[in-house]
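*Asks:* Submitted below is the structure of interest, expressed as structure tokens.
The values are calculated or read from the model by the stated rules, or taken from the named source; none is laboratory data. What you are looking at is a predicted structure, and each value in this text was computed from that prediction instead of being measured. Because the Cβ atoms are built from the backbone with ideal geometry, glycine has one as well, and the counts that use them run over all protein chains shown.
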Amino acid sequence: MSIEGHSTAPGANVLVGHYCEHRLADGTRCKEWGGWGNSPSPAVPTRWWCWEHFPHKTFEQEQEQEQALRRKLEAAGGEIIQ
């Protein structure tokens with residue numbers, strides 16, 4: 001793969017790792033990758049969360065996630081606890 005045509009601006013080709021910003025009960029951060037970001041405006045730095053801790057999910061999205069986890073557990077032969 002050629003790098004021809006890529007930017008030569010300082011920092012243009014730097015990947016930034018961002019992890020979930022959620023703080024656990026013991027004060028440590030969640031160790032999951034922060035793939036879900038949110039910022040109220042371009043002037044405010046983006047905050048990142050994993051899907052489990054993302055605070056901007058809709059109720060429907062949470063329900064879909066729960067149903068998918070139930071199906072996965074059932075497929076693995078696990079018992080669902082109500």
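Yes or no, residue by residue, for (1) surrounded by 10 or more Cβ atoms within 10 Å (Cβ to Cβ); (2) on the phi < 0 side of the Ramachandran plot; (3) modelled with pLDDT of 75 or more:
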residue	(1), (2), (3)
His6	no, yes, no
Ala9	no, yes, yes
Ala25	no, yes, yes
Cys30	yes, yes, yes
Ser39	yes, yes, yes
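*Asks:* Same structure again: Give just the number: which of (1) modelled with pLDDT under 85; (2) exposed (fewer than 10 other Cβ atoms within 10 Å of the Cβ); (3) under 16 Å from the mean Cα position of the chain (by Cα) does Lys57 not satisfy?
*Replies:* (2)
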